[in-house]
1. Just to check your reading of the model, which residue among Phe364, Phe360 is in contact (Cβ under 8 Å) with a residue 40 or more places away in the chain, touching a Gly at 6+ places or on another chain (Cβ under 8 Å), more than 25 Å from Met208 (Cβ to Cβ) and among the aromatic types (Phe, Trp, Tyr)?
2. Which one is most open to solvent (accessible area, probe 1.4 Å) among residues in the range 402-453 that are among the hydroxyl-bearing types (Ser, Thr, Tyr) and over 30 Å from Val363 (Cα atoms)?
3. Any chance the range 102-114 includes a residue that's assigned to a helix (DSSP H, G or I) and among the acidic types (Asp, Glu)?
4. So, in the range 179-190, exactly how many residues are at pLDDT below 85 and either open to solvent by 50 Å² or more (accessible area, probe 1.4 Å) or in a loop (DSSP other than H, G, I, E, B) (or both)?
5. Output the residue which, of all residues in the range 129-157 that are within 15 Å of Glu381 (Cα to Cα) and hydroxyl-bearing (Ser, Thr, Tyr), is surrounded by the fewest Cβ atoms within 10 Å (Cβ to Cβ).
6. Would you confirm whether any residue within the range 358-371 is in contact with a Phe, Trp or Tyr (Cβ under 7 Å, 6 or more places away or on another chain), within 17 Å of Ser307 (Cβ to Cβ) and buried (at least 17 other Cβ atoms within 10 Å of the Cβ)?
7. Please state which one of Arg73, Arg61, Arg81, Arg68 is of a type in the set (Lys, Arg) and more than 23 Å from the chain's Cα centre (by Cα).
Amino acid sequence: MQGRNPLEQTPTARSSGGTSQTTRQPRASKTHSRTFSFRSSRDVTELPGWGLDGRALHDTRTGVPPDRWCITREDFKYIRRQIKEAVQDGRIQPSPRDDFDPEDDVVGPNMHSVVENLVRPVTAEAGDMSWALLCHPDGLQCDFFITHSWAEGAYEFIDKVLTSWPPGLRNAWCCIFSNPQNLDIGGLICEPQASPFAKALESASYMMVVSTKKCSIYARIWCVYEAYLACKLRKVIFMATPPLPWRRLGKAAIAASVFLALGCAVGQVCSSETDSLCGRIDFAAAGDLTLRQCAQLLVIFACLALSALSALAVRQPRVLFWMNGAGLALSSFGLYLHLILWRSFDSSNPFRFQVAVLSFFVVFFLMSEMDRLHFNRLRLEAEALRESFTSIADAKASQEEDRRRILRDIGDQIEVVDGSIRVLLAAGMSTADLRGAAEAGADVTSMADLRLATAWAGLSG
């Protein structure tokens, strides 16, 4: 081991009544229960667990329970910065196993490189604990479990986790940062049902699945075992999605602006003819359904039809794009005619209602376009999970003995776990109810997706 940093506290063991305890030099304002603010320092030697005995912390009988080896959202942000700095100063470099681009800030080095060149050296220097207990020596309650592949890029992985972090949940269990990478992990996982993975999943309410373009995570046996446990324990399983790139969001904004401008332009072209025609019609004639009223109803009913059809086109991104565009053009056309051309003829309450309805449709189709972008990201993540996946029975393992033990534990539940994964791929989420519906023959495609447009319609109603 390299020489310790002079700022480090020296761990010493002492015996008290047969119990091994860990002591360290006192440091002002530093206690286990203190919440560390990563905004206050970038020095890892200032983390609360630095200098403690990692073996004692991770002792499965007297140490911190495995399901409490968790990190927070702020921890993930801090780790991302540490990885970026390690790449910049050359501690993490491209290799034949990981030929990443050091200038790239989207994918980054894979997790093998991060563990080998950052997590292990830092935690070895700190006292051989996991990164999670280095940050939180007393542990944290496990809110959700993260399953992923080490083949993914670190930036890609962390950005997906941060983007998909469930609201209201604080702490996550993630093997790379939760397990002590310098200790005997093989001894911790020799019995899958008693492993830290199993204990954490028992405590978690949700399981986040983070895919990678490199391979399907379900080609790896431990990810398969986590899927089996989540299914057995009736956990909610959901897919993480990457943040929406600004370039793609900008293109969508430009396209929406073009459709809105097109609707207004058509309204302006029609205005001169309509204006002269309207001047020759008696709008006050009792009982007459005027041309203007017919046009108003036609535009509103066309927008209503498009909004209903958009729900059916959610599985066809290109069709949904053109439907959203047509809806934006049509609603802006009707709104333009109401506000610019016909405002002089009628200021009654029905007029205001029609303006409100058309304004609602403008917002609805804008939100429907945001839904389309989100659904497209979910589709790409599902494709990455589906890549080379056939059945969990075909999953591989670094240690063949691990594979045999896990498949023995799964037993005759292989078809059940395969079905749960297929529900996740189809619906974007896998719950006990969705799995039951799929087993009954129901089509669960996109059933777990919450549409912003639908939510807007419900709130507006």
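The values are calculated or read from the model by the stated rules, or taken from the named source; none is laboratory data. Everything quoted here is computed from the prediction, not taken from an experiment. Glycine also receives a Cβ, built like all others from the backbone with ideal geometry; neighbour counts cover every protein chain displayed. Side chains included, ligands, DNA and RNA excluded: accessible areas come from the protein's heavy atoms. Shrake-Rupley method; radii C 1.70, N 1.55, O 1.52, S 1.80 Å.
1. Phe364
2. Result: Thr431.
3. no
4. Within the range 179-190, residues that are at pLDDT below 85 and either open to solvent by 50 Å² or more (accessible area, probe 1.4 Å) or in a loop (DSSP other than H, G, I, E, B) (or both) number 2.
5. Result: Ser149.
6. Checked the range 358-371: at least one residue is in contact with a Phe, Trp or Tyr (Cβ under 7 Å, 6 or more places away or on another chain), within 17 Å of Ser307 (Cβ to Cβ) and buried (at least 17 other Cβ atoms within 10 Å of the Cβ).
7. Numbers: Arg73 fails: more than 23 Å from the chain's Cα centre (by Cα); Arg81 fails: more than 23 Å from the chain's Cα centre (by Cα); Arg68 fails: more than 23 Å from the chain's Cα centre (by Cα).
Being of a type in the set (Lys, Arg) and more than 23 Å from the chain's Cα centre (by Cα) holds for just one of Arg73, Arg61, Arg81, Arg68, which is Arg61.
Rundown of residues vs (1) at pLDDT below 70; (2) open to solvent by 60 Å² or more (accessible area, probe 1.4 Å), yes/no style:
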| site | (1), (2) |
| --- | --- |
| Cys264 | no, no |
| Ser272 | yes, yes |
| Cys278 | yes, no |
| Asp282 | yes, yes |
| Thr290 | yes, no |
| Pro317 | no, no |
| Leu320 | no, no |
| Trp342 | yes, no |
